[in-house]
Amino acid sequence: MASCVYIPVQNSEEEVCVALDQLPRDAGDIVDILKAEQAPLDLWLIIAREYYSQGKVDQFLQILDEGSGPEIDEYYADVKYERIAILNALGAYYTFLATTGPPEEKERNFVMATSYYNKASRIDTIEPSTWIGKALLCIARDELEKLEKAKENFRIVLEYNPKHVPGLLGQACVLFMMGEKEENIRKSQEFYKNALENYRESLRLFPNCPAVVRLGIGYCQYRLGQLGKARQAFNRVLQLDPDNVEATVALGVLDLQTNEAGNIRRGVEMMEQAHDLDPVNPMVLNHLANHFFFTGQHFLVEQLTETALENSGDHPLLKSQAFYNLARSYHSKGDYDKAGRYYMAAANEIRRPKDFVLPFYGLGQIQLKLKDLKNSLSSFQKVLEVYPENVESLKAIGHIHAQQGQFDKAVETFKKVTRIDPKDSQAFLELGELLLPIDANAALEALKTARNLLKKSGEDMPIELLNTIGVLHFEKEDFELAEQTFKEALGDGIWVSLLDEKLDHKVNNYGNALNLRDSGLFHQLEEDNESLDLPWDKVTTLFNYARLLEQRHDTIKASILYRFIIFKYPGYVDGYLRLAAIAKARHDFKLSIELVKDALKVDEKYPQALCMLADLQLKTDDWLKAKETIRAAKDATSGNDSYANLALGNWNYFAALRSSDKKGSKVEAMHLEKAKELYTKVLKEHKGNMYAANGTGIVFAEKGHFDVSKDLFTQVQEAAASGSTLVQMPDVWVNLAHIYLAQGQFSLAIKMYQNCLRKFYNGTDSTILLYLARAQYDAEQWQDCKKTLLRALHLAPSNPTLRFNIGVAMQKYSASTLQKTKRTAEEIRFTLSELENAVRMFRQLCGCTYYHSHGFDEKKFSTHVEYCQHLLEAAKVHCEAAEREEQQTRQRLEVARQVSLAEEARRKAEEQRKLQAEKRKQEDELKQVKQLEERFERVKEIWKSSTHASGGKRRERSRPDDEEGGERRRRRSSGGGSRRRKKDKRMEAQYEDDEGYAEMEYNDKSQDEAEEREFADNPANGSDDDAGAAPKSPDLLAAAGLDDSDADDDMGGPSRGSKKRRAFSESDEDEEPMIKKQRLSPSNSAGSDGEIREAKGNNVHDDEDDDM
């Protein structure tokens, strides 16, 4: 039974029944009924939705436009929810239309949707459905800023109602989309986690929600790497909705990604099941096409992708995936034009490389294949925008930079690859190849790393890699490591036996090892059924190994290997040339020329062979043939061979030297100009050619432009020093020294020659030694010049030029010595010896029969002999005069020496006398000190006797007096202690002064003896007469320092001794430093003694008072 709606008739109980499946074509009738009957607005919306579900969009819009008009707003002013629902429905329609309609109408539709949502918001600002509609509008715009706005709209909905399920689902959807757009992996994971939490919360609030909610949960868990839980979610979706295509495809993708046979089979079955459910679903078709691409069924790939393109509609990502699958199919079949077009179509369908980056990688590969380097670089850079550490894209970019000549960028790119993936052996291999012309050491390290990685991974070691490593060790002159590497690359073979000492007898029996053209050994080995296999990929390595043996001067073994290579590969031209080089080193120019001609039989236009032949012809002074050969080498390369041009330039330079006998001749200038032209041509073609630059500098030097030539030689020297070790150019060092010599900078020239000898020749080249001797001769260092020439003569003993130059050096040294104003007899005697040696040297040269070939004649020798004999006679006269002068000088020196010795003896005697006087003085001082100590001991004995005498008298005093004295002492008890302490201090000071006094110097001994007699005449000393002593006892006690302070109290006035004690007391208290100074004075010795005795007496008196 068809559903219908009932429109109540106004002012009646009747209703108008409208069958929804029989709605009139003209919606105006329905609108009139709705208006006339003032039907509720929810009926308007129900009828409009029905029209839309039947595909009648115009009627749908007509009803909703009438339902949202001003009249309806005015009449239904109190009805908010229905009016908002109608406006939101219009907003949702225009949002959908903007995403599916024509692109040119897209923005207008978005504006219309926005206006309806804003109108709904003005009716009720907190209506959740309006905020959700606005959020969906923002999602439809598919912009990150709009997604943030959508997220904010959903947040507003959830603030009013945290359990609003549509708001939670919308928020989850927005968070998932933001995670898809986020480039930071950690942040994207946070978005996926939050989206998953919103989906779960929706499911807890509404357990009976549609199955697609669980589909969202599965997507989130897949992105979080929770593949097991994602599979559970997709399976639950299929339990609730068995026909859900998205869940079926998702399960198929999970199975295919395991790369296991059983799972792949099940994944394909899931894709086929999804295809059965929806045969035109572009997502399903793309996945199936991707599977059949890997199985090689390209016809199915093309059919499925074409169907997917027809049904993708306006979905750009699905169309891009379809184009990509189609492009890959053509790419694998080698149809690069079609593949490039489809890759480009796939790239144009997506807005950002992040959405689908694979088309850009494929497009870059095709463009690189078609040599479109600029666009290829742009495509790979877009891949790096999404995946900055994609190794394959970085490698491709490195190759592009290398092909563009940007080697620095290429090297930096491959270094980045090795940092990202330190186990990528291919990256290290390619990095090493790029570094070969730039930095040989860095290239060697990169290649060694590649070799180690290949060993660890168990992969086959490329012979080319080992060969390159061996060559680099060879260039560094690490010959042992180079030999080990070459042997590792070659492995086992006949070459091992050829180099084994066990086969020496065969070499001697079957062939001449010294005959560089003999191959009888190898024919005999074939007859003996020896295996002579030489794989083609090992020929270069074997040649390099032979080159190493040659460099180590093992030319016999090297020649055997060269001949073996030629025996197996007769067209290997370099083998002939190396044999020719060995013959040339032996000065067997005839054999060398024959070997070069053998090479030319293989390739008559081989430039290296022609140039070598020209060089040999120059060695044999066949100048015309050499010139023709060099021209043939130049023609063989269409005039572009640098070596041929250099050889021709050298020929013209030597031709100019041969014609230089006629100074200023036009022929010399012509040859020099032609040489300069050829050198310049080479430099224009190859700016870094050091040999051409060196030749140009030589031409400028011959023309007298020394500053220009010096700059050129310096630049070449620096370039050679910073380049490979194989590029050794001693010539530029010699030329630079020649320039210094020509400019008169002898020290720099000498230093340059010496450095060249040490660096390149180990000091064993006679020619460079001759150059050095010439520089020392011009610098007037004749002895050094002679020593250098003697070194050269040791290396070339048959060279008459060296002997002649030695004689000239000795002659020049002798002449300069005799011309000196001041010279010693020793110098003149050495000069005589040098002149005699020079005469002997010149006379020896006169007896030689071959000196004419070196430009000498007998007349020149005779002239030098006569001149040396003349110098010899003059030297003898000078020697006699010098000897006389030397004798006189020795006599003067002897007299001066005797005077000096006498003066030294007198000085030593005076010093001895002073030392003895000082010693006597010290002895006298020690004697005086000893006497003072003895005297002090005697005074101490006197004090002790005086103390005993006064003590006996005090004991005889009457008891009443003692009692009175005791009374007085008790009255003074409070102040007596301080007075005794002051006396103790004075006594300590006096003893210290006496000790210092004992160390003073006393020159007047009679004065000491008088003081001793005066002290002995004193009645207080040693008197036993009590009656006579009684009246004087106070004075005696005072003199002895034993006066009783109680007696002073009994007397009416102070006695002289007491006054003296008070004076001393006051002096001690007020002017103690001054008293100490007086006690140190030798003239106040009596007063000092008195003070000492008084102090002693006071101490004893204080002790007795304490005892009482």
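How many residues, within the range 790-828, are part of a loop (DSSP other than H, G, I, E, B), under 11 Å from Ser766 (Cα atoms) and not hydrophobic (A, V, I, L, M, F, W, C)?
Applying the first criterion (part of a loop (DSSP other than H, G, I, E, B)) to the range 790-828 yields 796-799, 819-824.
Checking which are under 11 Å from Ser766 (Cα atoms) leaves us with 796-797, 799.
Going one step further and asking which of them are not hydrophobic (A, V, I, L, M, F, W, C), we end up with 797, 799.
So the answer is 2.
Please find, among Gly67, Gly91, the residue that is more than 21 Å from Lys149 (Cβ to Cβ) and surrounded by 18 or more Cβ atoms within 10 Å (Cβ to Cβ). Show your work before the answer.
Values: Gly91 fails: more than 21 Å from Lys149 (Cβ to Cβ).
Unique residue meeting the criteria: Gly67.
Selection over the range 769-812 of residues that are open to solvent by 40 Å² or more (accessible area, probe 1.4 Å) and touching an Asp or Glu at 6+ places or on another chain (Cβ under 8 Å) gives a count of 1.
Yes/no per residue for (1) surrounded by 20 or more Cβ atoms within 10 Å (Cβ to Cβ); (2) more than 22 Å from the chain's Cα centre (by Cα):
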position: Tyr361; (1), (2): yes, yes
position: Asp372; (1), (2): no, yes
position: Phe380; (1), (2): yes, yes
position: Ser393; (1), (2): yes, yes
position: Gln404; (1), (2): no, yes
position: Asp408; (1), (2): no, no
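Taken together, the residues in the range 311-355 that are buried (at least 21 other Cβ atoms within 10 Å of the Cβ) and in a loop (DSSP other than H, G, I, E, B) amount to 1.
Does at least one position in the range 759-768 carry a residue that is open to solvent by 70 Å² or more (accessible area, probe 1.4 Å), modelled with pLDDT of 90 or more and among the polar types (S, T, N, Q)?
Applying the first criterion (open to solvent by 70 Å² or more (accessible area, probe 1.4 Å)) to the range 759-768 yields 759, 762, 764.
This time we only want the ones that are modelled with pLDDT of 90 or more, so: none.
Taking every residue of the range 759-768 in turn, none turns out to be open to solvent by 70 Å² or more (accessible area, probe 1.4 Å), modelled with pLDDT of 90 or more and among the polar types (S, T, N, Q).
Please specify each residue of the range 527-542 satisfying the condition of being closer than 29 Å to Glu464 by Cα and either in a helix (DSSP H, G or I) or of a type in the set (A, V, I, L, M) (or both). Result: Leu532, Leu534, Trp536, Asp537, Lys538, Val539, Thr540, Thr541, Leu542. Remark: pairs (first residue in the range 468-484, among the aromatic types (Phe, Trp, Tyr); second residue open to solvent by less than 50 Å² (accessible area, probe 1.4 Å); Cβ separation under 8 Å; 6+ apart in sequence or on different chains) = Phe474/Ala482; Phe474/Asn544; Phe474/Leu548; Phe479/His473; Phe479/Leu548.
Would you point out which residue out of Ala720, Ala749, Ala692 is closer than 30 Å to Leu790 by Cβ and open to solvent by less than 60 Å² (accessible area, probe 1.4 Å)?
Values: Ala720 fails: closer than 30 Å to Leu790 by Cβ; Ala692 fails: closer than 30 Å to Leu790 by Cβ.
So the residue among Ala720, Ala749, Ala692 that is closer than 30 Å to Leu790 by Cβ and open to solvent by less than 60 Å² (accessible area, probe 1.4 Å) is Ala749.
Does Ile463 count as open to solvent by 20 Å² or more (accessible area, probe 1.4 Å), over 19 Å from the mean Cα position of the chain (by Cα) and either aliphatic (A, V, I, L, M) or under 23 Å from Ala402 (Cα atoms) (or both)? Judged against the criteria, Ile463 is a match.
Hey, among the residues in the range 545-575 that are assigned to a helix (DSSP H, G or I) and open to solvent by 30 Å² or more (accessible area, probe 1.4 Å), which one's farthest from Leu591 (Cα to Cα)?
Within the range 545-575, the subset assigned to a helix (DSSP H, G or I) is 545-551, 555-568, 573-575.
Retained after the next criterion (residues that are open to solvent by 30 Å² or more (accessible area, probe 1.4 Å)): 547, 551, 555-557, 567-568, 574.
Values: Arg547: 19, Gln551: 20, Thr555: 15, Ile556: 16, Lys557: 18, Phe567: 18, Lys568: 22, Asp574: 16 Å.
Residue satisfying both the conditions and the ranking: Lys568.
Identify, from the list Ala98, Ala89, Ala77, Ala39, the residue that is within 21 Å of Ser121 (Cβ to Cβ) and either assigned to a loop (DSSP other than H, G, I, E, B) or polar (S, T, N, Q) (or both). Break it down into steps so the answer makes sense when it comes.
Details: Ala98 fails: either assigned to a loop (DSSP other than H, G, I, E, B) or polar (S, T, N, Q) (or both); Ala89 fails: either assigned to a loop (DSSP other than H, G, I, E, B) or polar (S, T, N, Q) (or both); Ala39 fails: within 21 Å of Ser121 (Cβ to Cβ).
Just a single option satisfies the conditions, and that option is Ala77.
Take the conditions charged (D, E, K, R), in a helix (DSSP H, G or I), open to solvent by 50 Å² or more (accessible area, probe 1.4 Å) and under 24 Å from Leu358 (Cα atoms) and apply them to Glu272. Does it pass? So Glu272 does not fit the description; no. Leu41 satisfies every condition listed in (1) open to solvent by less than 60 Å² (accessible area, probe 1.4 Å); (2) among the hydrophobic types (A, V, I, L, M, F, W, C); (3) closer than 24 Å to Tyr75 by Cα; (4) free of Cβ contacts under 8 Å to residues at least 40 places away in the same chain except (4).
Would you pick out the residues in the range 177-208 that are among the hydrophobic types (A, V, I, L, M, F, W, C) and either surrounded by fewer than 20 Cβ atoms within 10 Å (Cβ to Cβ) or modelled with pLDDT under 90 (or both)? Full working, then the answer.
Kept after step one, since they are among the hydrophobic types (A, V, I, L, M, F, W, C), are these residues of the range 177-208: 177-178, 185, 191, 195-196, 203, 205-206.
Met177, Met178, Ile185, Leu203, Leu205, Phe206 - these are the residues of the range 177-208 that are among the hydrophobic types (A, V, I, L, M, F, W, C) and either surrounded by fewer than 20 Cβ atoms within 10 Å (Cβ to Cβ) or modelled with pLDDT under 90 (or both).
Pairs linking a residue in the range 201-229 that is free of Cβ contacts under 8 Å to residues at least 24 places away in the same chain and within 18 Å of Gly167 (Cβ to Cβ) to a residue that is surrounded by 21 or more Cβ atoms within 10 Å (Cβ to Cβ) and among the small types (Gly, Ala, Ser), with Cβ atoms under 6 Å and 6 or more positions apart or on different chains, are Ile217/Ala233.
Among Phe479, Phe474, which is aromatic (Phe, Trp, Tyr) and surrounded by 19 or more Cβ atoms within 10 Å (Cβ to Cβ)?
On the way: Phe479 fails: surrounded by 19 or more Cβ atoms within 10 Å (Cβ to Cβ).
The unique qualifying residue is Phe474.
The values are calculated or read from the model by the stated rules, or taken from the named source; none is laboratory data. Note that the structure is a prediction, hence the values are computed from the model and not measured. In this analysis, Cβ positions are derived from the backbone assuming ideal geometry, glycine residues included, and neighbour counts consider all displayed protein chains. Ligands, DNA and RNA are excluded from the accessible area calculation, which covers all protein heavy atoms including side chains. Shrake-Rupley method; radii C 1.70, N 1.55, O 1.52, S 1.80 Å.
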